[in-house]
Structures are given as structure tokens and as C-alpha cells.
Amino acid sequence: MSRAFQSLLPLSRNRIDRDHLSRSNPELLDERWRGPDSRVLVLHRGQALATAGANPADYDGFGPKPTVAVHPTLDLRSPADLPASVLQHLDAGGVRLYLGFALDASEGLSIDAPLFAISVTDADASALETPGSSWLNLRMVAADLDDVSAGMFTEALAMFNWHSTHTHCPRCGEVTVVESGGWVRRCPREDIELFPRTDPAIIVGVVDRDDRILLGSNALWENNRYSLLAGFVEPGESLEAAAIREIAEESGVIIDDPEYVGSQPWPFPASLMVGFMARVTEEHPAALRPDGDEILDLRWFTREQLADPASGVLLPGSSSIARAIIERWYGGPLPEPEQQ
Ligand SMILES: [Zn+2]
């Protein structure tokens, strides 16, 4: 795996020491929470409170991302400054998620600052807003955030997505309680621990013998949007087997020996995207057969075709591992099509 490739993935940045040893020490966690440098990321309905920046309007994640006038800045609060109603909610069993220590300093954040995250109700979200506040969508702003902010937001969103669907024990239905700084939910009836889950999905840059890349257009997308083929790993299946199966199912193309290139968390709501490159097998010439269900159109693209601004093809944006894999094959950043 190339370190350079991994550095191209905005949601894989992680300048946070997750400090897992402190999670199981409630006194230490309280001490960290009360420390003068500690900071809290506030989420509401999956979006993060910010002092600056906005979600780009009318952007669906494909093609050129609108240029940002103001770089997004998360509104990290000191625990001591949180409204009483927020603290009451946390005391009543709400999730006070410990993210770890900041490994970089930035505006309003010192190095080694303990970092927490909370998710607030509609009423508390309004109470926390100040003039100029905004709520940011990670998928839309990830590439414009600094390293610590991107790592915090990704970690917190993934964890709160898990918490929101694991309020009850999957075995007996009992209400679960939060432990270990938010990293465990315990079923008190059975005394079992439930751990956060992540769902692996593979995404593959398939190339043919002429070194063209295979892109598909999804049934859910508007016209001219093309990306790599991808799909979830099934239980009892290796990553490589999933890559071979998904490409065959969605395109009729047979690949062998998929090679791992890198991975990126994709907490929308709970995926880990695992990237591969693969070649079409010699025995199976490239007869494309879109599944007609998920994938409506499939095409092999040359580098010249993708670089041609007149092609009108819209590729996934800079937050996605799809973009990074396509550019890895291309050999550098692709020019953006001319904006309408
Ligand atoms: Zn149970």
C-alpha cells in the first residue's frame, strides 16, 4: 500500500490519538472532560456545529465542487460552556463520546487537547447556535477541513450512527447502557458488551487489456455521473472474493487477483470502503452487461476520454475513494469539466 495514496483520502486523515486505555477509566475520563483544554464536537442529526463555512448548495458529490469562500471551522466548545440542558441530558444516560487526544494544534485547539463529541436534540441545537453558526455535512466539507477536524468528525459521526441504532440489545431487547467513554453499550440483563460495528464494502478500479477503466452509472444518479463499481462484503466472504463477485454481478466482467490499494471510512451510515485495482482476465473479453437494476450503463474510458472537458462526464468528488482510485489510474489529478 502506498502512503501517498492513503493521504489523498480526506476521511482517512486521523491526527487523533484514540487513547483507548483511558476509555475504561471513568475517573480519568471525568478529569479529561473537566480539563481546561478539552473540547467538544457537537453533532445534530449527523451534522456538525461550525463557526464558519457552509454546505455547498446544489452539490450532489459529482463533478467540480463549488469553491469555498470561507474554510469550514468546527465550533468546538469547552464542556464548561455547554448549556445546562445539554449537561442534564448527558447525566441522564446520553452519550459523552471520548475521541482521544488532538495530535495537532489549530485555532482554538491545543495539542494534546482531550476531544469529546455529543449529539444534541433539536431544542439544544437551537440553544447552541450563535450568530454565524452553521451545521456542516461531512460528505460535503471533508476535503476542506483540517486534519484533526476531519478525523474528529469522521470518528464521531460513525460512532453516533452506531449508537442511534443500538439503543436496545439485539439478543433480548433490553435497553442498553453506555460505557467506556461511549465505546461500549452493555446489556444489563445479560451482562454482555456490544461493540461498535463497521460494514466493509469493496470498490474496484477495473482496467482492461487496453488499460481503459470501467465506470458505471447508477440507477439513482442523474445523467452523466459515472463512478467505479462497488458493493458490500457479504458475511463469510473475503474482501477479494467480494470484489470478484460484485464486479461480475454488476457488469458481467470477470476479474482476478484484485490488489488492495487503500481504504477510507465512509460513515454514511457505517461503511469502510476498501479500494482495489484489478485487471480483466484474459479468458473473458470485456463484454459489458449492466445488471439493469443498480447499474444502468457501463463504459470503458481511456485517459483521453476522461480528460476531455467536452465529454460532460461527471466523476465523484474529492471526498471519495472512487475519485482517488480513478486518479491513481489516470496518473494525477483529472481536469474538471467546464461548469455550465
Ligand atoms: Zn440482552
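The values are calculated or read from the model by the stated rules, or taken from the named source; none is laboratory data. These figures come from a predicted structure and were not determined experimentally. Reconstructed Cβ throughout: ideal geometry from the backbone, glycine too, with neighbour counts over all protein chains shown. Side chains are part of the model used for accessible areas, which takes the heavy atoms of the whole protein and leaves out ligands, DNA and RNA. Shrake-Rupley method; radii C 1.70, N 1.55, O 1.52, S 1.80 Å.
For this structure, a couple of remarks:
- Between residue 291 and residue 193, the modelled labels are 3.6 nm apart [label points 7 Å from Cα along Cα→Cβ].
- Residues with amide H under 5 Å from that of residue 297, placed H, sequence gap 5 or more: 217
- Helix-derived mean residue ellipticity, 222 nm - over the chain, DSSP H n ≥ 4, -39500 (n - 2.57), to 500: -6500 deg cm²/dmol
- Distance from the C-alpha centroid of segment 139-168 to that of segment 70-109: 13 Å, rounded to the whole angstrom.
- Using heavy atoms of the protein chains and a probe of 1.4 Å, the accessible area assigned to residue 221 is about 90 Å².
- Square roots of five times the Cα gyration tensor eigenvalues for segment 203-276, Å: 19, 17, 12
- Estimated distance in nm for a label pair at residue 80 and residue 334, the labels positioned 7 Å out from Cα along Cα-to-Cβ: 5.1
- Probe 1.4 Å, protein heavy atoms only - accessible area per residue of segment 179-286 in square angstrom: 47
- 5 angstrom amide H check on residue 205, placed H, neighbours 5+ away: 276, 277, 278
- Surface composition of segment 199-330: carbon plus sulfur atoms contribute 50% of the solvent-accessible area (1.4 Å probe, protein chains only, all chains present).
- Taken one residue at a time, the phi angles of segment 191-200 give Karplus couplings (6.51, -1.76, 1.60, θ = phi - 60°) of 6, 10, 9, 10, 10, x, 10, 9, 9, x Hz. Gly and Pro are set to x.
- Take every Cα pair under 8 Å whose residues are at least 6 apart in sequence, average their separation, divide by the length of the chain, and the relative contact order is 20 percent.
- The figure for residue 301 is an accessible area of roughly 0 square angstrom, using a 1.4 Å probe on the protein chains alone.
- Projected label distance in nm at residue 88 and residue 34, using a 7 Å step from Cα toward the beta-carbon: 2.2
- Acute angle (nearest 10 degrees) that the helix 321-330 long axis makes with the longest principal axis of the chain, alpha-carbon atoms: 40
- Every pair of different Cα atoms in the chain enters the Kirkwood calculation, which places the hydrodynamic radius at 21.7 Å.
- Within the listed set 119, 149, 217, the Gaussian network model of the chain (springs between alpha-carbon atoms below 10 Å) gives the highest mean-square fluctuation for 217.
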